[in-house]
Amino acid sequence: MNKIRLLIVDDVPQTRKDIIRLLYFEDDMDVVGEAGNGVEALQKINELMPDVVLMDINMPQMDGIKATERIRQAYPEVSVIIISIQGESEYLKKSMVAGARDYLVKPLTSEDMALAIRTVYKQQHLRSTQDISTHVQIASSANRPTSESVNNELGHSKNPGGRELPAADGREPVGQWSDEASSQGRSREVQPLGIITLVFCGKGGVGKTTMATNLAVVLAQNEKKKVALIDLDLQFGDISVMLNLTEGKAISDMVREQKELNQETLTNYMLRHFTGIDILPAPLFPQDAEYVTPQHVGIIIKLLKESYDYIIIDTAPTFHDINLQALDVADQIMLVANRDLATIKNVKTSLNILDTLDLRDKIRLVLNRSDQDLGVEIADLEKGVGLVVSHMIPSDERSVISAINKGVPVVLSNGTAEISKSFRRLGEKMISGKRLPAEKQSKALINRIFSL
Ligand SMILES: Nc1ncnc2c1ncn2[C@@H]1O[C@H](COP(=O)(O)OP(=O)(O)OP(=O)(O)O)[C@@H](O)[C@H]1O
Ligand SMILES: [Mg+2]
């Protein structure tokens, strides 16, 4: 079987790596090269003759639109898929006119990307086998740009591939521009929602980080939503591991290096992930946690509220002053539970403290690994803690482990798995403004339960 040969063009090396990782398990395709801008892309196409080019838009020297135009003129047998970020709708039309075969909007799943690549490849294959005679005729016509002319502009005198160069025109309308792509590309409204969701549990290992990370991504996947993900597990935060962040600075670096925290400084330290979310990572070394004070946390959250629709905060499993500060300003606290007695006891204790802090109205109980029967029925759990479960996320060891190994959230690495669907439903509930159902038992009952 001939593998589909891919060239990845993006000026950010990490994004290129992320794309390669997303396609790692696709057996029918091979990434044959990478390029950091349009000029380099044309050189690489000349050398490597890929079937499909995955092209970023904004790049130095020659941007993705211009490069696409040149590719369509000089190498019409090479299909270009433009990869854009949300809010770049103006590029959709330009990409189409330039001759791109498809237009994908980040964040992307492995499936989305692989499907688009296979579709354009098949269409290209069909075109070249059906239209071979037409191509020969067109190629002999005068006044058409050749790869030589393109290479000349690039400072190359020869096309070592020695390919015969077909027409620049005859760009068919691009068939697979979906409504979804165009709606995702619409520009966002200016006023951010500024909703703060804190993911918490007094017990470690219940799935807080898994929840925070995937929730952030599904919210960002929704059109026009700007999402920030903050790792407030300052000593042992592992969002960087889960999302394979190898570059960038941490929250502790920001508070140490900057005298004043304002929108500009924050923007400089927030790390843009290829999924579209902006991340403020935890310190690399646990001892650096002490540089971050509750006052810093208060200011950072306030600033984020002014510029993001959703701010998701991952936390350490304790009630220290950093968490208390964040709990205080959160609009919603997702209290994560599992169906085992130790966690349930801990959830009860956490609830007791949150109750004392007068934070009860913000709490929503989310049951992670909900289908894992660890000896406690869900109804008994609800009765025991005095809250109804607002949302359930099933267990899926395989998908979650594979996602961590890839450094890609499960909602992207295995978008069709039940766990991913469940995260998407949670995001939809939040976006549609439906409040997750609150507890049905009265405060008095809770107090009775705690006093048992
Ligand atoms: N729904 C799930 N199905 C399968 N595995 C899961 C699920 N949720 C979490 N896990 C796994 O459980 C482990 C703990 O998850 P996670 O790190 O998200 O918990 P945490 O509450 O953030 O832990 P900590 O308190 O140590 O920060 C991880 O290995 C994660 O992959
Ligand atoms: Mg965690």
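On alpha-carbon atoms, Rg over Rh for the range 1-111 using Kirkwood Rh? Rounded to two decimals, Rg/Rh equals 0.93.
Which FRET efficiency value, to the nearest 0.05, is calculated for Glu77 and Glu257 with the Förster distance at 51 angstrom and r the Cβ-Cβ distance? Efficiency at R0 = 51 Å is approximately 0.55.
Here the relative contact order of the range 221-290, from alpha carbon pairs under 8 Å that lie six or more residues apart, stands at 49 percent. Under the combined filter of DSSP loop state and at most 16 neighbouring Cβ atoms within 10 Å, the range 299-403 retains these GluC sites (Glu not before Pro): Glu377.
Phi-derived couplings, Karplus 6.51 cos²θ - 1.76 cosθ + 1.60 at θ = phi - 60°, listed residue by residue for the range 59-75: 9, x, 6, 9, 6, x, 5, 4, 4, 4, 4, 5, 5, 5, 6, 8, 9 Hz, with x used for Gly and Pro. With semi-axes defined as the square roots of five times the eigenvalues of the C-alpha gyration tensor, the equivalent ellipsoid of the range 195-450 measures 28, 21, 17 Å, largest first. Pull up all non-local amide H partners of Asn58: gap of 5 or more, or a different chain, and H-to-H distance under 5 Å with H placed in the peptide plane. Amide H neighbours of Asn58, under 5 Å, 5+ apart: Gly64. Under the convention that each Lys and Arg Cβ holds +1 and each Asp and Glu Cβ holds -1, the size of the dipole of the range 195-450 around its Cα centre is about 740 debye.
Of the GluC sites (Glu not before Pro) found in the range 193-281, those in coil by DSSP whose Cβ has at most 13 other Cβ atoms within 10 Å are Glu247, Glu260.
With a threshold of 19 Å on the Cα-Cα distance, the over-threshold entries among Lys203/Lys421; Lys44/Lys66; Lys66/Lys93; Lys66/Lys122; Lys305/Lys362 are Lys203/Lys421; Lys66/Lys122.
FYI, it's all coordinate maths here, none of it is from the lab. If you're wondering where the values come from, they're calculated on a predicted model, not measured in any experiment. Quick reminder, even Gly has a Cβ in these numbers, built from the backbone with ideal geometry, and neighbours come from all protein chains shown.
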